[in-house]
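Written below as structure tokens is the structure these notes are about.
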Amino acid sequence: MPAPRRLVVLVSGTGTLLQAVLDAAAEPGYPAAVVAVGADRAGTEGVERARRAGLPTFVEPLAEHPDRASWNRALLDRVRGFGPDVVVGAGFMKVVSPSFLDGLRCPMLNTHPSLLPSFPGAHAVRDALAAGVAVSGATVHRVDAGLDTGPVLGHAEVPVLPGDTETTLHERIKTEERRLLVEVIRRITRADARTAPRQPQT
Ligand code: GRF
């Protein structure tokens, strides 16, 4: 069994998506392990979840930098320091720069609470409700230089119910989002593990 692929997870909030990945990674045979968790702001429950799991954490607030380029460089240094095979944005509410992505030298995934390309941006659930769609959902995609525009790796549909509020719909979406993120990470890291260089036969 090849070594699990190394995940660095970035959060901005409650970290229930991170928790789902931590719980999955605790199962024998899951092909990935979280090696560090970072946030763009202090005081997130997501970082507390990582600390409770005994993981290294870091916080890199944008406000502590003179500009976004400086913040992107600092965040890249933090993330690369953990040697990730995959970086996962799990409710991470910042847009990273193309130079950040180039500097990673590994894929970055993001999870988004709508069926991209519908409703990109920071208010996906509110926008879906306002549009009156009958079905929304969650997307996991590769991060590219655009805003929520990278190749889609997985979709999960969620019905919009009569009387749904932004909160009720988002919570229902997050249930599917957590399942989808765990499965997409499993799929791409298991494939990656298959293509990983074979250990020399001793
Ligand atoms: C998720 O729906 C994510 O897509 C969105 O905010 C939510 C974060 O949830 N950006 P959590 O912080 O993982 O609980």
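Some observations on this one:
- Between 0 and 90°, nearest 10: helix 16-25 axis offset from the chain longest Cα axis: 40
- Modelled label positions at Arg190 and Ala3, each set 7 Å beyond Cα in the direction of Cβ, lie 2.2 nm from each other.
- Virtual paramagnetic centre 7 Å along Cα→Cβ of Ala63, amide N under 17 Å, in region 36-53: 39-45
- Taken along the Cα-to-beta-carbon direction at a fixed 7 Å, the label points for Ala134 and Arg73 span 5.3 nm.
- Working ranking of peptides 138-149, 2-13 by packing, defined as the average number of other Cβ atoms within 10 Å per residue, highest first, is 2-13, 138-149.
- Modelled this way, with points 7 Å down the Cα-to-C-beta line, the labels at Thr167 and Ser99 are 4.2 nm from one another.
- Tilt relative to the chain, helix 68-80 - C-alpha long axis, 0 to 90 degrees, to 10: 50
- DSSP-defined antiparallel bridges as percent of all bridges, the chain, nearest 5: 40
Every number here is computed from the coordinates shown, using simple stated rules; none is lab data. Just so it is clear, the structure is predicted and the values come from calculations on it, not from any experiment. Here Cβ is always computed from backbone atoms with ideal geometry, including for glycine, and neighbour counts include all displayed protein chains.
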